[in-house]
Amino acid sequence: MLQLQQIRVLAMLAGLWAVFAVPAAPAYAANAATMDGPRYRLQFTLTLLSDENTLGALLRSSSRLYEKRDDPVVSLSRLDSRISADLDSFDRVLRSEGYYAAALDSRLAREEGRIEVEIVVHPGPRYHIKSVTASIDEGGGPDLDPALKLALKVGAPARAEDIVGAEQGLVTYLTNKGYPFADAGDRKVIVDHSDQSVSVSYHLHAGPKAIFGAVRYKGLEKTKAGYLDEFVPWKTGTLYSQLDTDEFRKRMASSGLFRMVIVAPDATEAQVTKASEKTGEKAGDKDSEKAGEKAPVPVPLLVQLSEAPRRAVEIGAGYSTGEGFEAEASWRTRNLWGAGESLRLGAAFGEAEQAIKVNFRKPHFRRFDQTLTAYSRVGRENTPAYVSHLAEAGGSIERKLTPHLTAAVGTGVKWTRVFETDKSAAFLLLQAPLGLTWDTTRDLLDPKFGVRANLRLKPSYSMVDERFGFLNAELNASGYYSFMKDDRLTLALRGRVGSIWGASLYRLPVSERFFAGGGGSVRGYSYQALGEINPDGTPVGGLSVAEISFETRLKVSDTIGIVPFIDGGNVYQKRLATLSGFRWGAGVGVRYYTSVAPVRLDVAMPLNRRDGDPKFAIYISLGQSF
């Protein structure tokens, strides 16, 4: 007796012979395996008798006929092989999506110059989950019901991906409950065609229960092991948890000190089991439910590391029609004394600033998520409003209060001599800046989602000649939201408000006043040009400022983006911005996306242009405008 599969293959071969073995068609050779003479174009059609849109895409992605649809037919046996492969592949795809009673049929016909192949798919009813159970081997373990209810719901479609994913979810649940060697055992899936349902039964191997033991590092060169111990997120005696282990790995990876970080238990299951048997004690933690369960045994961790290069040279440059060229070069070294310290020596040599800068950073200072920074700068500023010679130094401590909220407090001293049109003045300022930052974005130079907000309060006290104090308060905020496939359309909004209290406008150093206009402010206008202008054409600045910007960032390809934008703002001599007399600028930008950050080219023009304002302005830099 011929089997059903053999009958299907013979019938298909007979159909192919009827199509190609025609005596009146000399274009085909007598050999049925190859085709001499003119080649035929393949036309493949997939007919899906279902309203499930995603199912068609899944079937096409697994189809060899669809993949080779542009190739000419040169071999009958190869064509037959592809048809058979597609039928088998479609059957697997349908079953994996919960269609256990699907019907498949293939049709083949020859037309002038082409061969038509059609596969008809009738998925039939989609089977659903009828019951889900889970058990753990005799070694014991926690109650799986809470995880089981979340892993796979009764009545849900019986998709293979969900069934397998639920099993992995149960294993993860165990690893987060103190079982580092948890693993999946036998999984039983029973299909009941009578009621079109699927019953799933999981069996898991929990392994020995464990707490975190000692941490051993492998691959350290400059970094101190004691410094890395500060990254540990658990306390002594804590039950093993894969979540904590992953957090430990993420903290070390985000330090920037390593190219590779791997964290795993540094003991075999047999070793931990043997140690557990030696204790002969009962567990004393709340998760233990069996009276005879052994006390958790410490499991050591092995951290394998590969340190990143310690030194780097950084170069940046930009250009705008208002500020001219700006360039900066720096040399940076990390991990100075093996505890993540970094030192950066830089020089700015643009048209608006010429300076030497030194920055020091000590992460996790005295506690995790607390950073000590110190800075100094000596140089010259040459802006449309003033020219100044300056020297300043200071430091701050930043602490991450939550994953998104950071607070900072600092102190500093700044000496500056400011030159205006016909006079100059020297100031020695003691400053104590305070800051609060909220950031839910994920990319510093090209954010797609989230909000950034920074509130800065900077009390200052002048120590030269007539002494006086003042407070600079400024809030900057921006938001981002992306649409379309692959986040190709991003809407970005930015706002800025600021006010100075405690001193009159002309008592303040010019360099401490608010200014607006230019590439990081209202594009289209000259740098610092908004607000009142002196008779000699120099900007006066103000005691308050208000700005707003809106951009539509559209990626037209993987590397090119178009960004129409509009900016508005002004500075005011009153302490509170009145939001009146806004100057608006609009334009369009081009972005070239690199692996590091987008390169920005913006062209803007002032919409309510005054005498002396440029007709347009150009800005070139690295990263988005905000």
Checklist line | Extreme residue, surrounded by the fewest Cβ atoms within 10 Å (Cβ to Cβ), among residues of the stretch 155-183 that are closer than 23 Å to HIS128 by Cβ and among the small types (Gly, Ala, Ser) | finding: GLY155
Check: Out of curiosity, is THR34 among the β-branched types (Val, Ile, Thr), at pLDDT 85 or above and either surrounded by 12 or more Cβ atoms within 10 Å (Cβ to Cβ) or in contact with a helix residue (DSSP H, G or I) (Cβ under 8 Å, 6 or more places away or on another chain) (or both)?
Finding: no
Check: So, of the residues in the stretch 556-572 that are buried (at least 22 other Cβ atoms within 10 Å of the Cβ) and β-branched (Val, Ile, Thr), which turns out to be nearest to GLY541 (Cα to Cα)?
Finding: VAL571
Check: All but one of (1) farther than 22 Å from GLY185 by Cβ; (2) out of contact with any helix residue (DSSP H, G or I) (no Cβ under 8 Å at 6 or more places or on another chain); (3) among the small types (Gly, Ala, Ser) hold for ALA156; which doesn't?
Finding: (2)
Next item on the list: Filter the stretch 223-262 down to residues that are on the phi < 0 side of the Ramachandran plot, among the small types (Gly, Ala, Ser) and touching a strand residue (DSSP E or B) at 6+ places or on another chain (Cβ under 7 Å) and give me whichever is surrounded by the most Cβ atoms within 10 Å (Cβ to Cβ).
Entry: ALA253
Notebook entry, point to check: In the stretch 418-457, what residues are of a type in the set (Ser, Thr, Tyr) and surrounded by fewer than 16 Cβ atoms within 10 Å (Cβ to Cβ)?
Noted result: THR421, SER424, THR440
Note to self: Being among the aliphatic types (A, V, I, L, M) and either in contact with a Lys or Arg (Cβ under 6 Å, 6 or more places away or on another chain) or within 25 Å of TRP331 (Cα to Cα) (or both): is that true of VAL358 here?
What the structure shows: yes
Next item on the list: Examine the stretch 550-562 for a residue that is under 24 Å from GLY324 (Cα atoms) and among the charged types (D, E, K, R), and state whether such a residue exists.
Entry: yes
Margin query: Go through (1) assigned by TED's automatic domain parsing to the domain that holds THR172; (2) part of a helix (DSSP H, G or I) for THR133 and report which single condition fails.
Written below: (2)
Next item on the list: Take the stretch 44-61 and flag every residue that is assigned to a loop (DSSP other than H, G, I, E, B) and modelled with pLDDT of 80 or more.
Entry: LEU49, SER50
Next item on the list: Within the stretch 256-279, work out how many residues are part of a loop (DSSP other than H, G, I, E, B) and more than 30 Å from the chain's Cα centre (by Cα).
Entry: 3
Checklist line | Positions within the stretch 594-622 being touching an Asp or Glu at 6+ places or on another chain (Cβ under 7 Å) and more than 16 Å from THR321 (Cα to Cα), in sequence order | finding: ALA597, PRO598
Notebook entry, point to check: When you scan the stretch 118-135, how many residues do you find that are surrounded by fewer than 21 Cβ atoms within 10 Å (Cβ to Cβ) and of a type in the set (Val, Ile, Thr)?
Noted result: 3
Checklist line | Lone qualifier among ARG575, ARG553 - being surrounded by fewer than 23 Cβ atoms within 10 Å (Cβ to Cβ) and in contact with a strand residue (DSSP E or B) (Cβ under 8 Å, 6 or more places away or on another chain) | finding: ARG575
Next item on the list: Return yes when ASP558 is of a type in the set (Asp, Glu), within 25 Å of ASN534 (Cβ to Cβ) and modelled with pLDDT under 95 and no when it is not.
Entry: no
Note to self: When you scan the stretch 498-512, do you find a residue that is assigned to a strand (DSSP E or B), over 30 Å from PHE325 (Cβ atoms) and either of a type in the set (Ser, Thr, Tyr) or free of Cβ contacts under 8 Å to residues at least 60 places away in the same chain (or both), even just one?
What the structure shows: yes
Note to self: Please verify whether ARG110 is at pLDDT below 90 and in contact with a helix residue (DSSP H, G or I) (Cβ under 9 Å, 6 or more places away or on another chain), treating the condition exactly as stated.
What the structure shows: yes
Checklist line | Pick from the stretch 223-246, criterion farther than 20 Å from ARG366 by Cα and of a type outside the set (Val, Ile, Thr), ranking: nearest to the chain's Cα centre (by Cα) | finding: ASP246
Notebook entry, point to check: Can you name the residue in the stretch 62-84 that is part of a helix (DSSP H, G or I) and in contact with a strand residue (DSSP E or B) (Cβ under 7 Å, 6 or more places away or on another chain) and is also farthest from ARG107 (Cα to Cα) among such residues?
Noted result: TYR66
Note to self: Being among the hydrophobic types (A, V, I, L, M, F, W, C), surrounded by 18 or more Cβ atoms within 10 Å (Cβ to Cβ) and touching a residue at least 12 places away in the same chain (Cβ under 8 Å) is the requirement here; does LEU204 meet it?
What the structure shows: yes
Item checked: Qualifying positions in the stretch 338-352 - without any contact (Cβ under 8 Å) to a residue 40 or more places away in the chain and closer than 30 Å to MET252 by Cα -> GLU341, SER342, LEU343, ARG344, LEU345, GLY346
Next item on the list: Residues being surrounded by fewer than 16 Cβ atoms within 10 Å (Cβ to Cβ), farther than 30 Å from THR552 by Cα and of a type outside the set (Lys, Arg): count how many of those fall in the stretch 483-510.
Entry: 4
Check: Can you tell which of ALA166, ALA253, ALA147 is aliphatic (A, V, I, L, M), assigned to a helix (DSSP H, G or I) and in the same structural domain as VAL299 (by TED's automatic domain parsing)?
Finding: ALA253
Notebook entry, point to check: If you check ALA355 against the conditions, is it free of Cβ contacts under 8 Å to residues at least 24 places away in the same chain and assigned to a strand (DSSP E or B)?
Noted result: no
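The values are calculated or read from the model by the stated rules, or taken from the named source; none is laboratory data. On a predicted model such as this, the values are computed, not experimentally measured, just so you know. Please note: Cβ atoms are built from the backbone with ideal geometry, for glycine as well, and neighbour counts cover all protein chains shown.
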